[in-house]
1. Name the residue, out of Ser65, Ser86, that is closer than 28 Å to Gly147 by Cβ and open to solvent by less than 60 Å² (accessible area, probe 1.4 Å).
2. Being over 18 Å from Ser130 (Cα atoms) and either touching a Lys or Arg at 6+ places or on another chain (Cβ under 6 Å) or exposed (fewer than 14 other Cβ atoms within 10 Å of the Cβ) (or both) is the requirement here; does Arg115 meet it?
3. May I ask you to list pairs of residues, at least six apart or on different chains, whose Cβ atoms are under 7 Å apart, with the first in region 19-37 being farther than 13 Å from Leu139 by Cβ and the second being modelled with pLDDT under 95 and of a type in the set (Phe, Trp, Tyr)?
4. In region 89-102, what count of residues is obtained for those that are surrounded by 20 or more Cβ atoms within 10 Å (Cβ to Cβ) and more than 13 Å from the chain's Cα centre (by Cα)?
5. Taking region 14-48, which residues are open to solvent by less than 10 Å² (accessible area, probe 1.4 Å) and within 13 Å of the chain's Cα centre (by Cα)?
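The values are calculated or read from the model by the stated rules, or taken from the named source; none is laboratory data. Because the structure is a prediction, the values reported are computed rather than measured. For neighbour counting, all protein chains shown are included, and Cβ atoms are generated from backbone atoms with ideal geometry for every residue, glycine included. Side chains are part of the model used for accessible areas, which takes the heavy atoms of the whole protein and leaves out ligands, DNA and RNA. Shrake-Rupley method; radii C 1.70, N 1.55, O 1.52, S 1.80 Å.
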Amino acid sequence: MPVVVSLLALLGLVPLAVLAFGAAGYVRFVADRMLVALVDYVAVLLAFTGGTHWAVGLWPGSGRSPIRLTAAVLPMVVGWIGLITSQFVSPSVALIVLIAGTLATMLTEHQAARRQPALQASLWVRWTFSGLVIAAMALVLLLREVGQAFSF
């Protein structure tokens with residue numbers, strides 16, 4: 001695994017941390033906007049994850065399985081559902097949808113890595129990243145539901 005992959009993954013956590021802390025902030029007006037931005041960012045992350053699985057499904061010798069390619073599109077669809085849920089239901093419900101989508105993506109990655117050993121090398125980076133994304137969303141949900149906030 002090239003070091004640049006780990007560094008880029010770490011850089012991808014910076015907006016997540018800023019948005020999560022902001023979404024659990026003391027100033028409600030700002031926190032509400034940061035929550036919407038957090039939902040948007042995680043939806044983009046899910047779409048990116050689906051895109052990487054799409055690329056793996058198109059590798060020569062991958063067999064271009066319809067199941068793999070369909071599974072590659074599902075994270076993008078879940079991200080879109082999260083965006084729509086955020087607009088028409090609530091951003092908190094959207095976070096629940098995105099947590100479920102991220103967990104499902106992690107399970108899919110685990111199954112894919114069992115069938116393709118080449119994917120196992122990157123699995124720890126993806127699982128660490130996804131785990132931190134889930135933890136950030138869950139923390140924001142918890143803090144907002146119990147009425148706690150970070151003050152900066």
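1. Ser86
2. yes
3. Tyr26/Phe150
4. So the count comes out to 1.
5. Of everything in region 14-48, those that are open to solvent by less than 10 Å² (accessible area, probe 1.4 Å) and within 13 Å of the chain's Cα centre (by Cα) turn out to be Leu16, Leu38, Val39, Val42, Ala43, Leu46.
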